[in-house]
Structures are given as structure tokens and as C-alpha cells.
Amino acid sequence: MSTRREFIKITTAGAGATVLGLNTVGSGIFKWFGSQVEDPVSDDVLTPFPTYCEVCFWKCAGWTYVDKKGRIRKIVGNKRDPHSKGRLCPRGTGGVGMYYDEDRLKTPLIRETGKDGSQFFREASWDEALDLVANKMKEVKEKYGPESFGFFVHGTPGNHLEHLGRAYGSDTSAEPAFANCRGPRSAAYYSTFGAFIGSPENTDIRDTRCLVLIGSHIGENMHNSQVQEMSEAIDNKATIITVDPRFSTAAGHSTHWLPIKPATDIALLLAWIHVLIYDELYNKDFVEKYTFGFDPLRKHVKNMTPEWAYSITGIEPAQIRETARAMAGAAPAVVIHPGRHTVWYGDDSQRERAMAILTALLGAWGQRGSLYLPETVSLPQFPQPDYPEPKWNWRDLNQGKYPLAMMGITTELLKASIPRLNYKHQVKAWLVGGTNLPISLPDKKLFREAADSVEFIAVVDTMPMEVTGYADVVLPEATYLERYDFLRVAQNRLPNVALRMPATVPKYKSKPAWWITKQIGQRLGLHDYFNYNDYSEVIDWQLKQIGTSLEEMKKIGVKSFPRKTGPPYLGKNEDYTFNTNTGKIELYSSDFADAGFDPIPVYIPHPEPPQDFYRLIYGRAPMHTFSRTINNHNLWDLMSHNNVWVNPLVAHSLGLKNGQKVWLKNQDGAVSSFPVTVRVTERIRWDSVYMVHGFGHSGKKLTRAYGRGASDEEMITNVMVDPVMGGAGMRGNFVTFLKEAPKNNGKEVSA
Amino acid sequence: MRYAMAIDTKKCVGCSDCVVACQLENNVPDGYCRDWIVENVKGKYPGLFLEFRSERCNHCDNAPCVRCCPTGASHIVDGGIVLVTRDECIGCCACIESCPYDARYVHPKGYIDKCTFCIQRVEKGQNPACVDVCPTHCLHFGDLDNSNSDVSMALKDRKWKVLSPDAGTRPQLYFLI
Amino acid sequence: MDEELIVSGRHIPNIDPYLHVWHWQIPLYLFLGGLAAGILFFAGYFVVTGKQEKMKATVKWAPIIAPFVLVIGLTALFWDLKHKLYFWQLYTTVRFESPMSWGAWTLMIITPLSVLWVASYLKEIIPTWDWKVVWFNRFESWLIKIRVPMAWVMMILAVILGIYTGILLSAFNARPLWNTSILGPLFLVSGFSTGLAATIWISTDPAERRILSRIDLVFIVVELFLIVHLFMGFLAGTETAVESAKLFLGGSFTMSFWVFVVILGLIFPGVLEAMELRGLHVPKWIPAALILFGGLMFRFIIVEAGQISRFLN
């Protein structure tokens, strides 16, 4: 029996009253802290606690400084950490705001239907909420099998939720990070080099002689060590080539900026490959020794000259040649940055393949200043029984499509939740943690129908984000500053491990995800998978296995270890077998060919904006992480709303002025819920507009974020799906401007 | 001893880390900031120039704010750092009117406030909070009279500019260009 | 296109998007201070030149306004202070580089002085007045005896009072519109002119009014020349100066300045006064009121526009 699910904005009197009751003392103290304390405090009287940041996914390690009264004062980077090198980015520095945010979820909530039929949240005890979740999980297991319980997860809460899911019997999970972000890159580089790029990317920007950014906007995209290393590259006078239709910050610091027409990057990449091959600038020895498929590649790009590319991309042939030569001159110390958010037009795996091929031709793999060979600490799993083998998993949802997908695809998980779409494997319930699905996924119609169709949704979150409005149970999570989590073992030049420990007790009634999942697990009879009382026991055990301890890690925060797999760079003429079908770097991809896709990328033109419409390009701002931080007081202070960038020629012809508020309408008739301010700037092309993603929150309880700026996601209704791995290409949407509020404003956007 | 700061505009990406680090280090009141980022775009697409500047009080050598203060609350200490003694400040705002850089603000408690080059840290031999947090390492601080200091080394062999030199204030923030 | 904007979210009240930290209290004080300066200067001048019998209103009646006007002005200034409890710090030091310090001390002396001046004439103003306290009567006689030295002191202090506010504003390098040495003399002449206008309004003696009108006419002409000089200076100055002058030459203050201050506040009353001197009867309050209005508007506009003007980086 499925209940029709209303989107409940967490504004019920119930929640409000208890907020007042429970927290007059709490908020009173913190308000006092805000205005009374005037003088800066010396580090000598502060106690540091090691942590790693959760504001974005870079996971920089740092120290949380707490004063004698137990109040968090600031967070500073850990000098031993290769992610932060002692300096956090503005979001990490502003992470304090996540802890003090008075709009935080404070207590578990359960959806109820009133006598008049309206739906609302009422407060519940942890026991009641956990019992409900556990019972629903048991119910789904009995009726449909545990596989039908789907998991949408992201970040460190995801680690715990996935562990619970696997122990319970479900591997039906998806993170937006794959199909809505890095997926094409994973598929392309894996099939070419037999290795993932991973995170942090194994880009040796620090020592490179030439950095090539295809749409990457490092500097606005604030991935800490990348920005730091790019700054070092500038000091070292490295050549920086940025390919971007917008004059990004990176373009502003580049030696060459190629103002490319949107959606034509593959043509440019193929022309570069042509120049390297036909002008004999490619690394012959490297190609000879390590690659497969050079001859088909050579034949393929024969007619893809710079002149051909010029007519498509608008980049002058001379500039195409000049930049190709710059890359060749710097080779092998060249980084063709693989990008991060690579889901653009649906042929993204092919674009990434072109980038991988270019990298290989330059010999820029496993060399100093190119892509180094990363290593990760191998952390043993805390003793537990093997996970049960589910009857089907996330891959089976794809029903044979997207053969090169490596992780669950969020869109497929949504579609499998909708009975009328008749997926062979149906998903009946969701557990969501660490991701704000309505804003991170495009195609709101699909999300709404999916949320409406499932029988049960439980959401774990720290804030009353929009996704919580669709939940049956909301579980308030403690922030990263208040909890233990999995040890961070991320790849790098040197394998290293970082500790996160709580700097203070969880505020309000929030709990860490490890506790939440352990409680649910115990209720499901899965004690053997949660054989500890406090998560610090797990951490201590794991650390002792690798030669350190919780006690030591509390003092140093990060520990690096010597490499076991040899140096991060290939030796001269070293024999190396790649983890591909042919054992070589595949310029011609056998994986792609076997799956029926173009084994070497082909340029395909994409739809252009119709008359009076402009392509919507979106990106990041260095002080925010998607929609997650907009309500954070410290970061909201730096940027409280987004603008829509409009070229002066366009502004002039449409009569738009700087600072004017407009509503956006896209090619499918979707209209933005809130107005957005126009910024007239030369930094954007006349055929496009640009917005920073994450604004236009519709959750009223997010007092600072609500209604500020407009949501680009509302304008993304056309999704161009990548047939190779299921990536959701989102840059095929076009907007026009409405100078007055649309007439049906106030109702929920129908998009 | 002459403290000064150099800001490398070739590396600044305008991330505003310096702004939030300062706010937390110095308990700057809500809604106020002691430093800020200015973005300057020149030209016409695609012939464009972009510059980010992290700006704050310039701790000028010829500080008009110190000259015009009727009580002497605004004063200069050893090393050239301009400070405000809050219990001598009457809040007349003459200093705010006289600052070409808009570096000062009225603290909610009534006295005038601004960047202090984190003097409480400098006295301990540390850098100001903004300098220590900057991820691009584009902020350099130190004693100009010491040729080995971070700021002196940064200024060596680099072109630089100051803001509004014709205001006659002799500012001590050097923007490397 | 040259685009410059703050991108770290700065929105400090009264500073962003443009400076507006001094509100109506300051121009009001500037006006009242100038008014008092004008009244007190001429009161002293006509005593020193021995003409007090012919200029009764100037010497005796107009100065009654001065203490009240000064106190209201001081109250406005106090009200403007953001750290009021510490106002007394002003009087713990004299800072020679700070015109505001000069002003604080000048006001400290001239306000009681103006009270004493009026007190010394109280028996002439209110014939039945009796101090009732012996010591007061003795003090009063002494005051009457030292009237001339008091007049000299008052004249000097009145000049300082009239000019220092202009010097104060011109000492702010950061505000190009104020940063001109013409501002001091301009404020002085304007202040004295308003003082004369107020005195003319009060005076019941046509002969006295004639003398005052002649002086006022000269001052009005001087003011007009100074204003022309001011703008010529800006337009021949640096780009920053030219930009700030544009506020008055096509910018948002063009109408209000040229109409309210120059035409209504100077030229028109000047013409009326000249006509009066020629024999045409003009009700005395019209030019007087216009000059006072013009003086007030002038200070409001200069304070507001000056805060908007800024250096180009």
C-alpha cells in the first residue's frame, strides 16, 4: 500500500515548539558566544582535535580548535596532510558554521497524516524512529527481498549506510558521484589505461610543465590540493591552457585561453591528436612501447585538421597548432586534466577517451609532471562475517544498458522505483544519506514520481534539506565535527591515513551515522556486523593492524607510509603491463568496440540554443559546495545568492541591466521558482549564460538559503544520457529571461 | 621595522578563504569583514583580463585615519601597524570618511574596527591568519626592513602596484602584477 | 568594459555599496555651526568697530539664537556618535593634526562664551531683569567692561568655527569631492552669509538691514566665485576629481545643487537684496529664508555627495 507522498517543508509547529523548548538554553549560549566574545584567542589556550573535513569530498585533514569552555573556535589544516598541506579551503575554514547552524535537524521526525488529510512531521524518540526504519526494512526483506531496498548515498555517511545495506543483503545503491559527476571519466580512463583516476586525482600538477584544462575550472572548483598545486605550477612558469567557453578564473591565470564554442570539445581534441600525429610531435618511444591501436587512430584523425576544427569550435587553427606544440614541447610533463564533473552532453565517455588518448600520445602517464602512479593504504576490514550475496544488484537495474558502468546509476535507481516503468527488478524503499537528491539530480519530474511510488523513505541528514521533505522518517545526523567515522584512506603519492574524531558532543539530539546504522543493524539481528560498542574501537583495531594506533593518530592526525608498489613514476623504458584487455594503453578501445560503441571518439554536433534562448552553463564557487553550504552562516556571508551571467551584447539587446531580477524559463517550459540577479559581464559568451549551482533552495526551514538566487537544476529537464555508462549529461538545456514574475508563481514548479 | 603585505594577483583565485579565516580568528561581528575580495575584469570577449585582489586596511605610512582622529584612538604602533584603542574611540567616523580603501567599519558595540594585521599573532612571531590560510600561497607578510623576510623576497624582481597611490596615503599593501 | 566588484559578499551597513555613514546630523550641525559663527562674528565686529548702537539686532538680539543653535548642533553631533559613552575622550587631548579636535575645543569655548555675551546684554533685552545674586551682578559688570576683548576672542573663534568644518572635510584625502582647499573658505563665507541672513530677518531697523545686506551681497558674490573656482579646479584635476565633479554636472545631484543651492539659495536672494538696496521693497524674510534654506541644502548635498565620491583604484 503506497501513501501519496506530499513534500513537507519542515515548518510544522511541532518541530518549532520543541526547538524553542529544548534549545533556549543551547541557542542562548551560542547567541551569547556570537556577540559577547570580542577578543581573539591565542592558540595556546585552545585544544586541537584531529579531523578530516566533510564540507566537500576532498576530505582535507585538519585540527578542530576548541576553547576551555568546549566551544569550537576554528578549524585549521593539518600540515602533514597531502590534501590540505596545512591550509584548508574557505569551506573547510567555514566548516565551523555547519556545527553552529541553528537550522540543523534537531530530533528524529516521523511523517503523519492529520485528520484533514494533510501531512506533517511530528517529533519522535530515537527508539521509535529506529524501530520504524528497522521494521520497514524487515517488511521489504520479507515481501520483496532485501535487494529491493535502495540506497542513495554520498560521503562518509554513505560508508556506514552501505555497510548496513550490504550486511542486510542489498547492493542496490547509487551515488550521484558516478552518473551525475565523474562516471564518464572512470569509464574512459579505465578502458584506456586500465586504471581509475580516483580522488584526489593523480595529477602531478605541482611538477608539470604544461597543464591543460578541458572545461575544468580549478580556482572556482576549490579542490584544495589541485588549487595549491596549480599555484605552484604558476610559480614554476608552467604553461596553462584552458579550454572553456567562459573566461573562468583558471582561464584568467592561463597562458592560453581557448574560448571554445560549447559542446565542441571533441573536435578540438581530435584536431590536437591530428597535429601531434601528422606533425610527428607525439612521443614515439612511449607510443611504440606501451600503446595499442596507433594505426587505426592515425587513419581516424587523418581529415581532422585544425582547419576542420576551426569551423566547428571557433578556435583559430594557428592557436590549435600553437597549443599542440606547447604540449608536445613540455611532454611528458603534461597534465591533460581528466576533469571531475564530466557529464555534459551524453557523449562524455568519448570526450574523456579523447583526453586519455591525447595523454597517451604525449607519453604523459606515469611520469613526473603528468599522471603519477598513486598508492592507497590497504586497511583491513574489522572482523565480521562475509556480506551475504544479493540475488541482484545495482548493475542488474540497468537491464543490459550502460555496459561500462562501474557503479550504480542514480537515474536507473529512480526509474526502478517507478512500477509503471516495468523494470524487471523493482525498488520498493529508499535509505538516503549525505545527498540532497531533489537538487543534485536533474529531471525533477522523475524524482517526484519515484519518491511518490516507493513505500518508504528514510533520510539521514544534518540539515532540513529538500530531500527530507520527501521522507517518512528523518534521522538527524551529527556533523563531522561531532563524530568518529571511517578512517580516510585516499590515494596519493604516498599512502596515508587520516583520523576523524569528535571535537565535541553532538548538538541537540543528533547522532553519528555509525551509531544510527549500528542501532538499525542490531534491530535487524545483524549484531555480528556491528561487533563494537563505540566506533573508536574499530578505528583503533584497524590502525593497530597497519602499525599505528588511535592514541598516536590523535596526536598527529595524519600518517604517511612508505610506498610498497614502487615509485610513483615509471622507470626509463620500464616494462609495464596495463590492466586492459591487450595489456597495453588502448588508443583503440577494445572495451568500447566490444560493447558496440565507437572505439575511437567521433565528433557529433549537439543541439544549439533555439532563437532567444541561451545555453545554460553551470559551475562552482570556491566558497560553496553544491547546495550543502548555502545555509552555513560563515559561507553564506561570503556568497548568499547566485547571479546569472549575461554577455553585454545580449543584455543590451534584451534591455537587461546589471542587478536586475529575472526569472528563467527553459526550452521545456520549466520556470524558475525564484528570481535571479543579472550580472552583465564580458566573461561569458553571447550564446550562453552561467550560474553557480546550488542556490534557489525551496526548503523554508533553511532560513538563510531559502529563496536566495535561482536553482540551475530546475532548468535542467533535458538529460542527455551517455549510452556507455549511463551518465546524465546536463548541459543541453537552454534558457530565456522573464522580466516579470511568471503568473503561476507560488505554486510548486511543474518541472 | 615596517610590516607590510604583498598579494600576488597572478595566483589569487578569489576564493575568500582569507575573509572567513580572519572572521573566525578575530571574532569579527556577524555581517562584517576586515578583508574582502575584489574582482576586476577588463576588455571585451574574448580579449579579457581578470584580476582578483585580497584587500584590507593598508596600514598606510601616511595614514589619514590617524591624522584626522580627534582623540588619538586611531594610532600607529611599532612596525607601522595602525590600530584603534576602542576605549578612546568616540565613534565619530571621521576615520571612515578619510579612508580611501573603505577598510574600516563601525563595530556593533560602537567603536571603529578594522584589520589589525593580526597583531596578537604577529607579536608571537606568527603570520596574520589570512596569510597562513591562503591555499594559493599568494599572501606574503613580514618586515620590509628585513631583506630576507617573506614579503621582501616576494617583492624582489616582481612588478607591483598599490591602490590609489594618488590619494597620498603611502599604503603598505603591495599587489604583485 | 571595466567591471570591478566585491565578490566575497561584503555588505557592511552604511559602507557598501557606497559610503553613507554620516546622516542628517552632520549637515545639520554644519549649518547651525556656520549660522552661529556668522551671528557671533558680526556681533563682535560691530562692537569692536564701535557701531553697536547702530546695529542693535546684530549685537544684542541675534546672538540670543547662537547658544541655542550651538547646543542643538552639539546635540546632533553627540547623537551621531556611535560610541557615545566615551565622548568625553574628546576633551582629554588636543590633536593639532585633527580639525575635529580643533572643533571640539572651539565649541567648548565659544558656546559658553556666546552665553556670556548674551548674558551681558540681558538687562538691555529684558529691562526688568534682575540677577538676584550679588556675585552675578558683579560678574555682569565685569563682562560689560571687557566686552571689546570678548568681541575679539569671539570673532577669532567664530572664524575658526566657520572655517574648520570646511577644513575638516577637505582633510579627508579619500573623498575627492571634499579634498579641495576651497572648501574651508567656501564654508566660512556661506556660514557668515547665513548668519547675516538670520540677523537681517530679526532686525527691525531698515538702516541696519541695509548695512548687513551690502555685506551679504558681497559674500554671495564671493561664494558664487568660489563655487565656480571649485568646479574649475575639479575639472582640471585628476581623473578622480573629474569623476566626482560629474556628480554635479549631469549626475544625481545636478538638479538639487544648481537649483536649490545656487539659484534659489544664492543668485535669487542676491538679486532680491540688490533690488532692495536699489529701493524696491522686498519683504525682508524672503531673501533671508532663501539664504538659510540654500545654506542648509548646500551642506546636506555636499555631505551626501562627498561620501559617494571615491578614489578610482
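All of the numbers you see were taken from the coordinates with simple rules; none came from a lab. Model, not experiment: these values are computed from the prediction. Methodologically, a virtual Cβ is constructed for each residue, glycine included, from the backbone with ideal geometry; neighbour enumeration extends over all protein chains shown.
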Which is farthest toward the positive dipole end of the protein assembly as shown among A:His425, B:Ala129, C:Trp201, measuring Cα position about the Cα centre, with Cβ charges +1 (Lys, Arg) and -1 (Asp, Glu)?
C:Trp201
What does the charge count around A:Phe578 come to, taking other residues whose C-beta lies under 9 Å from its C-beta (Lys +1, Arg +1, Asp -1, Glu -1)?
0
List the relative contact order of the range C:9-164 as a percent without decimals, with contacts defined as Cα pairs under 8 Å and 6+ residues apart.
34
Charge dipole (the range C:37-162, unit charges on Cβ, about Cα centre) - positive-most of C:Val48, C:Thr75, C:Gln89:
C:Val48
Please list log₁₀ I(q)/I(0) at q = 0.10, 0.18, 0.20 Å⁻¹ for the range C:135-233, using the Debye equation with identical point scatterers on the alpha-carbon positions.
-0.41, -0.94, -1.03
Give the peptides A:129-142, A:634-647 in descending order of average Cβ contacts within 10 Å, highest first.
A:634-647, A:129-142
Let me confirm one metric for peptide A:211-221, namely the mean number of other chain beta-carbon atoms within 10 Å of its residues' beta-carbons.
1
I need A:Val689, B:Val77, A:Val454, B:Val151 ordered by Cβ neighbour count within 10 Å, fewest first.
B:Val77, B:Val151, A:Val454, A:Val689
Given only helices, namely DSSP H runs of n ≥ 4 each adding -39500 (n - 2.57), what is the per-residue ellipticity at 222 nm of chain B, to the nearest 500 deg cm²/dmol?
-4000 deg cm²/dmol
Could you work out the equivalent-ellipsoid semi-axes for chain B, taking the square root of 5 times each eigenvalue of the Cα gyration tensor, largest first, in whole Å?
26, 19, 17
Which order results if B:Val66, C:Val159 are arranged by neighbouring Cβ count within 10 Å, fewest first?
C:Val159, B:Val66
Calculate for chain A the 222 nm mean residue ellipticity that helices alone would give, adding -39,500 (n - 2.57) per DSSP H run of length 4 or more and normalising by residue count, nearest 500 deg cm²/dmol.
-8500 deg cm²/dmol
Between B:Asp143, B:Asp78, B:Asp35, find the one with the highest GNM mean-square fluctuation for chain B; connect C-alpha pairs within less than 10 Å.
B:Asp78
For A:Lys665, C:Lys123, which order do you get if you count the other beta carbons within 10 Å of each Cβ and list the fewest first?
C:Lys123, A:Lys665
Just want the answer: with Cβ charges of +1 for Lys and Arg and -1 for Asp and Glu, which residue in A:Ser84, A:Ala595, A:Pro675 is farthest toward the dipole's positive end in chain A?
A:Pro675
Magnitude of the charge dipole, the protein assembly as shown, Cβ model with Lys/Arg +1 and Asp/Glu -1, debye to 20:
1960
For A:Lys509 and A:Asp44 in one chain, what is 0.36 nm times their gap in residues minus the Cα-Cα distance, to one decimal in nm?
164.3 nm
Taking the Cα centroid of the range A:306-376 and of the range A:251-290, what is the distance between the two, rounded to the nearest whole Å?
5
To the nearest 20 debye, what is the magnitude of the charge dipole of the range A:643-751 about its Cα centre, counting +1 on the Cβ of each Lys and Arg and -1 on the Cβ of each Asp and Glu?
520
Correct semi-axes for the protein assembly as shown, from √(5λ) of the alpha-carbon gyration tensor and rounded to whole Å with the largest first, are 68, 34, 29
Sorted peptide list for A:253-266, C:180-193, criterion being average Cβ within 10 angstrom, highest first
C:180-193, A:253-266
Please give the FRET efficiency for B:Asp78 paired with C:Phe68, using the beta carbon to beta carbon distance and R0 = 41 Å, rounded to the nearest 0.05.
0.30
What lysines does C:Lys145 reach when the alpha-carbon gap must be under 27 Å and sequence neighbours fewer than 8 apart in one chain are set aside?
C:Lys51, C:Lys54, C:Lys56, C:Lys60, C:Lys123, C:Lys132
If you count, for each residue, the other Cβ atoms within 10 Å and average over each peptide, how do A:384-393, C:128-137 line up from highest to lowest?
A:384-393, C:128-137
Taking amide hydrogens as modeled 1.01 Å from N in the peptide plane, which residues meet the under 5 Å criterion relative to A:Ile457, leaving out close sequence neighbours?
A:Trp430, A:Asp472, A:Val473
Report, in debye and to the nearest 20, how large the dipole of chain C comes out about its Cα centre when Lys and Arg carry +1 and Asp and Glu carry -1 on their Cβ.
1080
Which whole number gives the average count of other chain Cβ atoms within 10 Å of the Cβ atoms across peptide A:74-81?
2
Taking the Cβ of A:Thr208 as the centre, find all other residues whose Cβ is under 9 Å away and add up their charges (Lys, Arg: +1; Asp, Glu: -1).
0
Among rounded, prolate and oblate, which fits the range C:22-151 when a ≥ b ≥ c are the square roots of the eigenvalues of its C-alpha gyration tensor, a/c under 1.5 means rounded, and a/b larger than b/c means prolate?
prolate
Note on the range A:327-414: alpha-carbon gyration tensor, axes a ≥ b ≥ c; rule is a/c under 1.5 for rounded, else prolate if a/b larger than b/c, else oblate; result oblate
Please say if the range A:448-573 is rounded, prolate or oblate, where rounded means a/c under 1.5 for a ≥ b ≥ c the square roots of the C-alpha gyration tensor eigenvalues, and otherwise the choice is prolate for a/b larger than b/c and oblate otherwise?
prolate
For A:Thr255, the net charge from surrounding residues (Cβ-Cβ under 12 Å; K, R +1; D, E -1) works out to +2
How well do other chains shield peptide A:632-642, expressed as the mean number of their Cβ atoms within 10 Å of each residue Cβ?
4
Distant-in-sequence amide H partners of A:Gly727 (H built 1.01 Å from N, under 5 Å):
A:Asp722
